[in-house]
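Novice: If you scroll down you'll find the structure; I have some questions about it.
The values are calculated or read from the model by the stated rules, or taken from the named source; none is laboratory data. Keep in mind the model is a prediction, meaning the values are calculated, not measured. Backbone-built Cβ (ideal geometry, glycine too); neighbour counts: all protein chains shown.
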Amino acid sequence: MKRSASAVWSGGLKDGEGTVSAESGALSGVPYNFTKRFESEKGTNPEELIAAAHAACFSMALSLFMANEGLKPESIDTSATVSFDNVNGAWTVTESHLKTTVKSPGANAAAFQKAAEGAKAGCPISRLLNTKITLDARLA
């Protein structure tokens with residue numbers, strides 16, 4: 001199975017601009033540029049897209065890992081915060097912090113934590129990222 005996305009960039013780093021699109025059409029010609037990535041201009045950037053992918057992937061994986069523990073989630077609400085830092089002169093994604101709140105009436109807390117840790121390690125986006133991944137998982 002393959003998935004694809006494309007990006008088009010014109011101009012230099014600071015004065016250029018680009019667009020990003022996904023094969024599915026969920027993103028189509030979404031603009032990005034230097035100020036959206038490194039300054040405060042509103043808009044998307046590659047790191048935000050990675051955070052979205054990580055949150056979505058983790059949520060799906062957590063539903064699987066919970067089922068493997070005999071737990072049934074009513075809802076899974078996950079956010080991912082990606083840290084993007086200059087490390088020795090090279091911009092690097094240094095961490096992705098996952099925060100999830102799950103409604104699962106009657107869930108065993110130990111089984112839930114086991115499922116959450118399994119999903120953190122097992123979701124395909126976690127395995128893709130070469131960075132520290134932290135997790136704050138709570139039952140609501």
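Novice: Among the numbered criteria (1) within 30 Å of Ala137 (Cβ to Cβ); (2) over 17 Å from the mean Cα position of the chain (by Cα), which single criterion is violated by Thr81?
Specialist: Answer for Thr81: the failing condition is (2).
Novice: Within the range 106-120, can one find any residue that is touching a residue at least 60 places away in the same chain (Cβ under 8 Å) and either touching a Ser or Thr at 6+ places or on another chain (Cβ under 9 Å) or not basic (Lys, Arg) (or both)?
Specialist: yes
Novice: Also: Take Lys72 and tell me if it is over 15 Å from Ile133 (Cβ atoms) and modelled with pLDDT of 95 or more.
Specialist: It is true that Lys72 is over 15 Å from Ile133 (Cβ atoms) and modelled with pLDDT of 95 or more.
Novice: Now for a separate question. On the basis of being out of contact with any strand residue (DSSP E or B) (no Cβ under 7 Å at 6 or more places or on another chain) and farther than 16 Å from Leu135 by Cα, does Thr35 make the cut?
Specialist: For Thr35, the condition - out of contact with any strand residue (DSSP E or B) (no Cβ under 7 Å at 6 or more places or on another chain) and farther than 16 Å from Leu135 by Cα - is met.
Novice: Go through the range 95-133 and report how many residues are surrounded by fewer than 17 Cβ atoms within 10 Å (Cβ to Cβ), closer than 12 Å to Phe58 by Cβ and either among the hydroxyl-bearing types (Ser, Thr, Tyr) or in contact with an Asp or Glu (Cβ under 8 Å, 6 or more places away or on another chain) (or both).
Specialist: Matching residues across the range 95-133 total 2.
Novice: Now a separate question. Among the numbered conditions (1) surrounded by 11 or more Cβ atoms within 10 Å (Cβ to Cβ); (2) at negative phi, tell me where Leu13 comes up short.
Specialist: The single condition Leu13 does not satisfy is (1).
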